[in-house]
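Step one of this worksheet: look at the structure below.
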Amino acid sequence: DLITPLYEPSCKGDSARPEETGTTRSSSNNVDNDKEPILGTASLMGKSTSDTAAQRAAYAAMFAVFVDAINMMCIAPNLPIMVTPGLHEDSFPSTEPFDIATAQYAHDAVEALGMVISNFVFGYIADRIGSRKAILLLMIGSCCTSVGIYLVRSNYWSFIAMTFANGLFGSAAAIANGYMFIIYKNDREKADEFGGYVMATLMVGLTVGGLFTLFFPSNLFRPLLLSSALCFLAFVVCFIFVFVPSESPVEIDSEPEEDDIPLDKRAISNVIIGASFDHLGTLGIYPLAFSPVMYQRFFLDFQIANKVPIMSGNEYRWLFSMIGLAAVPAALLMPLVNKKLGVAISTIISNLITAGAIIALLSVAAIDPPTHSSFV
């Protein structure tokens, strides 16, 4: 009863403020039927009630990130098997004109391209009509594209096209991270804390998604149906709990930051360029070091030679999935490290660690012939 449902034209996005408490009013430039629920003003509730509503919204958005990560990873460990004709009954009959390695790279490339586009498009959507609508669109879109991938599972190129479409709805983490800074806009420390939780949730979701493949060893594509159901569940959860704030629901004593501080476009450009290279560098682990390098050296080459592989298919799935957990401690420590060292220095250190790990993995894989010791 303390939260009064107010409405405001959706084109004002997350910054919408009700003109009059308890009433419905639209501007002359917007239609009345395009409206979205927002949280009542802080004057209508106590601080504890407001904080509880914000936390529920934050956890709902994090659940969307968790499900989105599952959706992106739920068949990834099976990909090398899918693109190896004749290896499994669900393998594609052909990936012409690509060989096994190139077929995997093509899949990862179109998915990454779709996610890049998704971040730009849904970032704009969140800014224009609100993070709530953006998250809901992402969840229902992922629900549909997951089913679409399952339906075209017999043809490689149709699979690639639907993978690209799925990537177009793969920006839940970015939108949720921005959403934390909206609902906690007057509490930067809290926003940073939940930003770290978003990244940790993403990593855990990637791991859980990979482990889905272990539940369906006889059907490489069936995890998609489970992830689709989870996407719909996330849609329902976010529809109920994610709100568009009329003002920051968490009130603290410090003064809010000024809205008219000019943006440093050069710094933002450097961040975007650096993040792009960071993502490309991370691909040295996903997929290069794992697939095709590890898959080819310790599994497929032995299969082709009719020998017992050093690494089994299930061992590959476990390794591919569990590596994501290694990033969880880093995500949780990120706000503290950034506060102590600064964002720039901590980013440089993390990338140097990633580069060292990639070099070590590729060096071990280059040992000829591959042995149990080099695999371990």
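The values are calculated or read from the model by the stated rules, or taken from the named source; none is laboratory data. What you see is a predicted model, and the numbers here were worked out from it, not measured in a lab. Reconstructed Cβ throughout: ideal geometry from the backbone, glycine too, with neighbour counts over all protein chains shown. Areas reflect the complete protein model, heavy atoms only, side chains present, ligands, DNA and RNA absent. Shrake-Rupley method; radii C 1.70, N 1.55, O 1.52, S 1.80 Å.
Could you tell me which residue of segment 77-132 is nearest to residue 317 (Cα to Cα), considering only residues that are polar (S, T, N, Q) and assigned to a helix (DSSP H, G or I)?
Here the answer is 78.
Of all residues in segment 60-76 being open to solvent by less than 20 Å² (accessible area, probe 1.4 Å), in contact with a Ser or Thr (Cβ under 7 Å, 6 or more places away or on another chain) and part of a helix (DSSP H, G or I), which is nearest to residue 195 (Cα to Cα)?
65
Of all residues in segment 149-160, how many are without any contact (Cβ under 8 Å) to a residue 60 or more places away in the chain and open to solvent by less than 20 Å² (accessible area, probe 1.4 Å)?
Looking only at that region, the number is 1.
So which of 170, 195, 178 is within 22 Å of residue 136 (Cβ to Cβ), outside any helix (DSSP H, G or I) and open to solvent by less than 50 Å² (accessible area, probe 1.4 Å)?
Residue meeting the stated conditions: 170.
Kindly indicate whether any position in segment 341-349 is at pLDDT 85 or above, under 29 Å from residue 213 (Cα atoms) and not β-branched (Val, Ile, Thr).
For segment 341-349, residues at pLDDT 85 or above, under 29 Å from residue 213 (Cα atoms) and not β-branched (Val, Ile, Thr): absent.
Among (1) open to solvent by less than 50 Å² (accessible area, probe 1.4 Å); (2) in contact (Cβ under 8 Å) with a residue 60 or more places away in the chain; (3) part of a helix (DSSP H, G or I), there is one condition residue 163 misses while meeting the rest; what is its number?
Going through (1) open to solvent by less than 50 Å² (accessible area, probe 1.4 Å); (2) in contact (Cβ under 8 Å) with a residue 60 or more places away in the chain; (3) part of a helix (DSSP H, G or I) one by one, residue 163 breaks only (2).
Part of a helix (DSSP H, G or I), among the polar types (S, T, N, Q) and closer than 28 Å to residue 63 by Cβ - does that describe any residue in segment 152-159?
No, that holds for no residue.
Go through 368, 278 for me and flag whichever is in a loop (DSSP other than H, G, I, E, B) and at pLDDT below 85.
So the residue among 368, 278 that is in a loop (DSSP other than H, G, I, E, B) and at pLDDT below 85 is 368.
It is to be established whether one or more residues within segment 218-241 are touching a helix residue (DSSP H, G or I) at 6+ places or on another chain (Cβ under 8 Å) and modelled with pLDDT under 85.
No, segment 218-241 contains no residue that is touching a helix residue (DSSP H, G or I) at 6+ places or on another chain (Cβ under 8 Å) and modelled with pLDDT under 85.
What single numbered condition from (1) in contact (Cβ under 8 Å) with a residue 60 or more places away in the chain; (2) touching a helix residue (DSSP H, G or I) at 6+ places or on another chain (Cβ under 8 Å); (3) not small (Gly, Ala, Ser) fails to hold for residue 125?
(1)
So for segment 316-338 (the condition being among the charged types (D, E, K, R) and open to solvent by 40 Å² or more (accessible area, probe 1.4 Å)), does at least one residue qualify?
no
Is there a residue being touching a Gly at 6+ places or on another chain (Cβ under 6 Å) and surrounded by fewer than 24 Cβ atoms within 10 Å (Cβ to Cβ) anywhere in segment 129-148?
yes
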